[in-house]
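Chemist: My questions all concern the structure below.
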Amino acid sequence: IAFAGDYAGLIQQMQRRPPIWLRPQTRDLPALLAELKAAGLQAELFSSAFPAIRLNQARVNLRTMPAFQEGRFEIQDLASQVIGFVCGAKAGQRWWDACAGAGGKSLQLAWQMEGKGSLIATDLREYKLDDMRKRARRVQLSNIRGKLWSDKQPPPSKTPFDGVLVDAPCTCSGTWRRNPDARWSLQESEVAELAALQLRILESARRGVAVGGTLVYATCSMFEKENQGVVSEFLRRHADFQLVPFQN
């Protein structure tokens with residue numbers, strides 16, 4: 001595990017029920033917070049620089065709230081939101097979310113782009129892309145297109161992208177706090193198998209990055225082999241890419 005702190009503290013945190021996190025999709029944060037609190041929710045802003053909203057308790061069905069149905073917030077874990085925040089997509093750019101799944105980060109990038117420019121969300125599974133399309137319609141984001149894609153195919157567009165996000169399939173060990181049963185179903189051999197798959201996807205996705213563009217690699221794993229191990233091997237093979245420190 002890639003963890004520089006106290007393992008005992010990490011284990012204790014993994015035993016605690018995690019909070020629910022919301023990602024605002026409105027410029028009027030005070031109004032959204034007031035609406036959530038009026039519904040009996042203990043809602044607090046994470047920070048002014050990173051406007052995630054933490055719910056310590058949620059005794060209502062969030063998906064039935066007008067603010068959700070109108071697309072003014074998404075339910076998205078903090079760690080997931082951080083990935084989109086690091087991407088920092090801008091209005092008018094072209095982005096590719098290579099492993100989009102149901103499109104949580106795709107929606108986040110499209111929101112950052114203010115509905116301008118274009119974003120292609122790809123996945124192996126059509127039903128996941130169908131979910132993404134439904135979510136995009138609900139939040140009225142029209143700059144997203146979904147396409148089937150695998151790492152054996154060329155990028156989904158001949159025109160290079162300003163940014164490519166590879167949120168790769170992984171062991172999901174970072175979600176064990178929310179899904180504790182998953183820790184008992186993982187086989188040790190799967191870690192190496194997934195790391196090999198992650199590297200293949202990253203190798204394929206790099207072909208879609210424009211010169212001077214951004215390639216973001218992420219997993220929801222705590223294992224070093226799936227994170228630093230993949231990145232180090234990728235950089236060893238491709239001297240034309242280099243790590244760039246994130247500046248908030």
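The values are calculated or read from the model by the stated rules, or taken from the named source; none is laboratory data. Note that the structure is a prediction, hence the values are computed from the model and not measured. A quick note on method: Cβ atoms are made from the backbone with ideal geometry, for glycine too, and the neighbour counts reach across all protein chains shown. Only protein heavy atoms, including side chains, enter the accessible area calculation; ligands, DNA and RNA are left aside. Shrake-Rupley method; radii C 1.70, N 1.55, O 1.52, S 1.80 Å.
Chemist: Picking from Asp167, Asp131, Asp181, which is most flexible by a Gaussian network model of the chain using Cα springs under 10 Å?
Modeler: Between Asp167, Asp131, Asp181, it is Asp181 that shows the largest mean-square fluctuation.
Chemist: Which order do Tyr217, Tyr7, Tyr127 take when ranked by solvent-accessible area (1.4 Å probe, heavy atoms of all protein chains), largest first? Before the final figure, lay out the partial values.
Modeler: Values: Tyr217 45, Tyr7 110, Tyr127 135 Å².
Largest accessible area first, the residues go Tyr127, Tyr7, Tyr217.
Chemist: Can you give the % of DSSP beta bridges in region 1-136 that are antiparallel, to the nearest 5?
Modeler: 70
Chemist: For Phe241, what accessible area in Å² do you get when you roll a 1.4 Å probe over the heavy atoms of the protein chains, rounding to the nearest 10?
Modeler: Surface accessible to solvent at Phe241 totals approximately 50 Å².
Chemist: Further, regarding this structure: Please report, as a whole percent, how much of the solvent-accessible surface of the chain comes from carbon and sulfur atoms (probe radius 1.4 Å).
Modeler: The C+S portion of the solvent-accessible surface of the chain is 52 percent.
Chemist: In addition: Could you tell me which chymotrypsin sites (Phe, Trp or Tyr not before Pro) in region 19-72 are loop residues by DSSP with no more than 14 other beta carbons within 10 angstrom of their beta carbon?
Modeler: Filter output for region 19-72: Phe46.
Chemist: Right, next: Suppose all protein chains stay in the model; what accessible area per residue would a 1.4 Å probe give for the chain, in Å²?
Modeler: Numbers: 13570 Å² over 248 residues.
Result: 55 Å² per residue.
Chemist: Taking the chain as a Gaussian network, where each spring joins two C-alpha atoms under 10 Å apart, which residue of Ile75, Ile83, Ile144 fluctuates the most?
Modeler: Ile75
Chemist: Next question, about the same structure. Rounded if a/c is under 1.5, else prolate if a/b beats b/c, else oblate: with a ≥ b ≥ c from the C-alpha gyration tensor eigenvalues square-rooted, which is region 70-176?
Modeler: Values: a/c = 1.27, a/b = 1.01, b/c = 1.27.
Rounded, since a/c falls under 1.5.
Chemist: 7 Å from Cα along Cα→Cβ at both Arg54 and Arg138: what's the point-to-point distance in nm?
Modeler: 2.5
Chemist: Let me ask you something else. Going 7 Å from the Cα of Ala91 toward and past its Cβ, which residues in region 124-168 have a backbone nitrogen under 19 Å from where you end up?
Modeler: The answer is 140-144, 162-163.
Chemist: For region 1-147, what does the alpha-carbon gyration tensor say about shape, rounded, prolate or oblate, given a ≥ b ≥ c as the root eigenvalues, a/c under 1.5 as rounded, and a/b over b/c as prolate?
Modeler: On the way: a/c = 1.72, a/b = 1.22, b/c = 1.40.
It comes out oblate by the Cα gyration axes.
Chemist: Roughly how many Å² of Lys37 are accessible to a 1.4 Å probe, to the nearest 10?
Modeler: About 120 Å², rounded to the nearest 10.
Chemist: For a test of the definition: using alpha carbon positions, the gyration tensor, and the 1.5 limit on a/c, classify region 174-244 as rounded, prolate or oblate.
Modeler: Note, shape of region 174-244 comes out prolate.
Chemist: Averaging over every viewing direction, what projected area does the convex hull of the Cα atoms of region 1-85 cover, in nm²?
Modeler: 6.7
Chemist: Please list Met113, Met222 in order of solvent-accessible area, largest first, computed with a 1.4 Å probe with all protein chains present.
Modeler: Met222, Met113
Chemist: Using only the alpha-carbon atoms, what does region 107-248 span along each of its principal axes? Please give whole angstrom values in decreasing order.
Modeler: That works out to 42, 38, 34 Å along the principal axes.
Chemist: Diagonalise the Cα gyration tensor of the chain and give the resulting equivalent ellipsoid semi-axes, square root of 5 times each eigenvalue, largest first, whole Å.
Modeler: Values for the chain, descending: 29, 24, 16 Å.
Chemist: Go through Ser189, Ser173 and list them by solvent-accessible area, largest first, probe radius 1.4 Å. Could you put the intermediate results ahead of the total?
Modeler: On the way: Ser189 70, Ser173 0 Å².
Sorted descending by solvent-accessible area, the residues read Ser189, Ser173.
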